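> Please read through the structure below; I'll follow up with questions.
The values are calculated or read from the model by the stated rules, or taken from the named source; none is laboratory data. Given the structure is predicted, the values throughout are model-derived calculations rather than measurements. Note that each Cβ is placed from the backbone with ideal geometry, even for glycine, and that neighbours are counted across all protein chains shown.
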Amino acid sequence: MVNYKTLVIGVSTKPERYSYQAVMRLLAAGIEVVPMGINSGTLGGINIIPPLSPEKEIHTVSLYIAPERQRDYFNYIIELQPKRVLFNPGTEHPAFAKKLTEAGIFWENACNLVLLSTNQYKS
């Protein structure tokens, strides 16, 4: 069985934010979630970890940060060696996508919420 442990980068504690909704939907789907953000707090009973905190065995990285803020995460994400990186709408970054491809990491421009609602997240 595949462990889809997902690191969500750029989370917010505001329920109207898509990153918040993604974390809640992932948890509801039984997927282990690691919320990462610049503000402290909890989501679904899980503490938000600070940016660039060490992590292991991440299957998916789901980005909710603007392309201009992603450079600080390039090496961090590549070193995690996730199975895939999701660029949610508005986070697309062709140069970073190229680096991921060169590192052998699958990526896609896709909405985490859509993948979950259409049962494609685990495919």
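> Considering (1) free of Cβ contacts under 8 Å to residues at least 60 places away in the same chain; (2) assigned to a loop (DSSP other than H, G, I, E, B), say which one Y121 fails and leave the rest.
(1)
> Looking only at residues that are in contact (Cβ under 8 Å) with a residue 60 or more places away in the chain and hydrophobic (A, V, I, L, M, F, W, C) in segment 9-31, which one is farthest from L116 (Cα to Cα)?
If we take residues in segment 9-31 being in contact (Cβ under 8 Å) with a residue 60 or more places away in the chain and hydrophobic (A, V, I, L, M, F, W, C), then I9 is farthest from L116 (Cα to Cα).
> Could I ask something else about it? It is to be established whether one or more residues within segment 4-27 are polar (S, T, N, Q) and in a loop (DSSP other than H, G, I, E, B).
Taking every residue of segment 4-27 in turn, at least one turns out to be polar (S, T, N, Q) and in a loop (DSSP other than H, G, I, E, B).
> Considering each residue of segment 41-85, count those that are among the small types (G, A, S) and buried (at least 20 other Cβ atoms within 10 Å of the Cβ), and give that number.
Result for segment 41-85: 1.
Conditions tested, residue by residue: (1) closer than 15 Å to P35 by Cα; (2) assigned to a helix (DSSP H, G or I); (3) over 13 Å from the mean Cα position of the chain (by Cα); (4) at pLDDT 95 or above.
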residue: P54; (1), (2), (3), (4): yes, no, yes, yes
residue: I65; (1), (2), (3), (4): yes, no, no, yes
residue: N75; (1), (2), (3), (4): no, yes, yes, yes
residue: G90; (1), (2), (3), (4): no, no, yes, yes
residue: L100; (1), (2), (3), (4): no, yes, yes, yes
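> Let me ask another. Just to be sure I understand, how many residues within segment 86-105 are surrounded by fewer than 12 Cβ atoms within 10 Å (Cβ to Cβ) and among the hydrophobic types (A, V, I, L, M, F, W, C)?
Of the residues in segment 86-105, 1 are surrounded by fewer than 12 Cβ atoms within 10 Å (Cβ to Cβ) and among the hydrophobic types (A, V, I, L, M, F, W, C).
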